[in-house]
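Colleague: Handing you a structure now.
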Amino acid sequence: MAASGKENVMDEKDDPGAAPYGNFINYYTFNPPENRINLIPTTLIQDLGYGKDSSETILMLDVGCNSGDLTVALYRHLQQRAQSEDPTKPPHTDLHLMGFDLDQSLILRAQQNNPFPQNISFIPLDITEDSSLQTQLQVYLGQHGCPRFHLTMCLAVTMWVHLNHGDSALLRLLSRLASLSHHLLLEAQPWKCYRSAARRLRKLGRTDFDHFKTLAIRGDVAEHAREHLEKHCGMELMQCFGSTTWDRRLLLFRRTEITD
Ligand SMILES: C[S@@+](CC[C@H](N)C(=O)[O-])C[C@H]1O[C@@H](n2cnc3c(N)ncnc32)[C@H](O)[C@@H]1O
């Protein structure tokens, strides 16, 4: 069940206790897709060296996609580039996105409002659950004949996994994202968001997040994430797309290991 609330700012009327995973029902009313989309070049796919041949299948994964608004907006954003190159050509039609979220009611909404069901799929899935995750993503990759996603997005999700499952789960999440992807676009919430989320929970008289007080990874969480991805996951930071209006950086990583 999804709940209303705000992730970044403190507001006593909001109820993060009912959205302990950041599964806000109205997320895009207070963080519209444009806040992030405007930082991402429409040429991103081409800049990464993909899509030169319009028949090439490009696969993208959106981890923790909420109700799918950002997923759909990004699909439109990237297709816009394909059309603007040569308006007589059809858009790059072989771009496929899969969005998943642990909240089934949000996924149902995403499915019902999906304007591009041929190219965008939404499924309920928990990134922390190994076996079902592996199976469903491998099936999807296999259907498209790709060993990995060309680009994975993990935006505003790390804090919720971290608070609910602890340090080791955050590192496992990053390792998993790296193993699934050639490129990774990561927006890690800064530590001040953790404090706000925990404070809001306390104000509501709820028990704290399971791991908040004992987390060893704190401070510059994005820097910790970069270090883990570079030291342990065979990835390197390529680029930073600046900061969102919420003062969060969008970090783009690529695999440094030679892969299939
Ligand atoms: C703050 S929202 C961000 C939504 C979207 N990624 C964006 O940036 O617009 C966080 C989302 O992550 C989802 N989420 C949290 N933990 C998750 C997990 N373990 N597996 C899958 N989704 C998760 C929540 O349900 C929620 O929809």
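The values are calculated or read from the model by the stated rules, or taken from the named source; none is laboratory data. This structure is a prediction, so every number in the text was calculated from the model and none was measured. Methodologically, a virtual Cβ is constructed for each residue, glycine included, from the backbone with ideal geometry; neighbour enumeration extends over all protein chains shown.
Colleague: So, in region 166-188, how many residues would count as being of a type outside the set (A, V, I, L, M, F, W, C) and within 13 Å of the ligand (Cβ to nearest atom)?
Modeller: Just the residues of region 166-188 that are of a type outside the set (A, V, I, L, M, F, W, C), to begin with: 166-168, 172, 175-176, 179, 181-183, 187.
With the extra rule that they be within 13 Å of the ligand (Cβ to nearest atom), the set shrinks to 166, 172, 176, 187.
Adding up the residues that qualify gives 4.
Colleague: If you don't mind, there's one more thing I want to ask. Could you tell me whether any residue of region 154-165 is within 15 Å of the ligand (Cβ to nearest atom) and over 21 Å from D101 (Cβ atoms)? Walk me through how you get there before you give the answer.
Modeller: The first filter runs over region 154-165 and keeps only residues within 15 Å of the ligand (Cβ to nearest atom), leaving 154-165.
Checking the rest, the ones that are also over 21 Å from D101 (Cβ atoms) come to none.
Looking for residues that are within 15 Å of the ligand (Cβ to nearest atom) and over 21 Å from D101 (Cβ atoms), one finds none in region 154-165, hence no.
Colleague: Tell me the helices (runs of 4 or more DSSP H) entirely within region 1-107 that contain at least 1 residues that are modelled with pLDDT of 85 or more and near the ligand (Cβ under 9 Å from one of its atoms).
Modeller: Working: elements: 27-30, 34-37, 44-47, 69-85.
Of the helices (runs of 4 or more DSSP H) lying wholly inside region 1-107, those with at least 1 residues that are modelled with pLDDT of 85 or more and near the ligand (Cβ under 9 Å from one of its atoms) span 27-30, 34-37, 69-85.
Colleague: Restricting to region 247-260, count the residues that are crowded, with 17+ Cβ neighbours inside 10 Å and over 16 Å from the mean Cα position of the chain (by Cα).
Modeller: 1
Colleague: Can S121 be described as outside any loop (DSSP other than H, G, I, E, B), polar (S, T, N, Q) and modelled with pLDDT of 95 or more? Before you say what the answer is, go through the steps one by one.
Modeller: Details: outside any loop (DSSP other than H, G, I, E, B): yes; polar (S, T, N, Q): yes; modelled with pLDDT of 95 or more: yes.
Yes: the conditions hold for S121.
Colleague: Continuing with the same structure: Considering only residues that are of a type in the set (S, T, Y) and more than 20 Å from E236 (Cβ to Cβ), look in region 136-174 and name the one that is surrounded by the fewest Cβ atoms within 10 Å (Cβ to Cβ). First the steps, then the outcome.
Modeller: Taking region 136-174 first, the residues of a type in the set (S, T, Y) are 140, 152, 158, 168.
Checking which are more than 20 Å from E236 (Cβ to Cβ) leaves us with 140, 168.
Numbers: Y140: 18, S168: 12.
Top of the filtered list is S168.
Colleague: With the structure loaded, tell me whether L177 is crowded, with 16+ Cβ neighbours inside 10 Å and touching a Leu at 6+ places or on another chain (Cβ under 8 Å) or whether it fails that test.
Modeller: Working: crowded, with 16+ Cβ neighbours inside 10 Å: yes; touching a Leu at 6+ places or on another chain (Cβ under 8 Å): yes.
Answer is yes for this residue.
Colleague: On to the next question. Does D208 meet the test of being among the acidic types (D, E) and either farther than 25 Å from D103 by Cβ or at pLDDT below 95 (or both)? Give the derivation first.
Modeller: Details: among the acidic types (D, E): yes; either farther than 25 Å from D103 by Cβ or at pLDDT below 95 (or both): yes.
For D208, the condition - among the acidic types (D, E) and either farther than 25 Å from D103 by Cβ or at pLDDT below 95 (or both) - is met.
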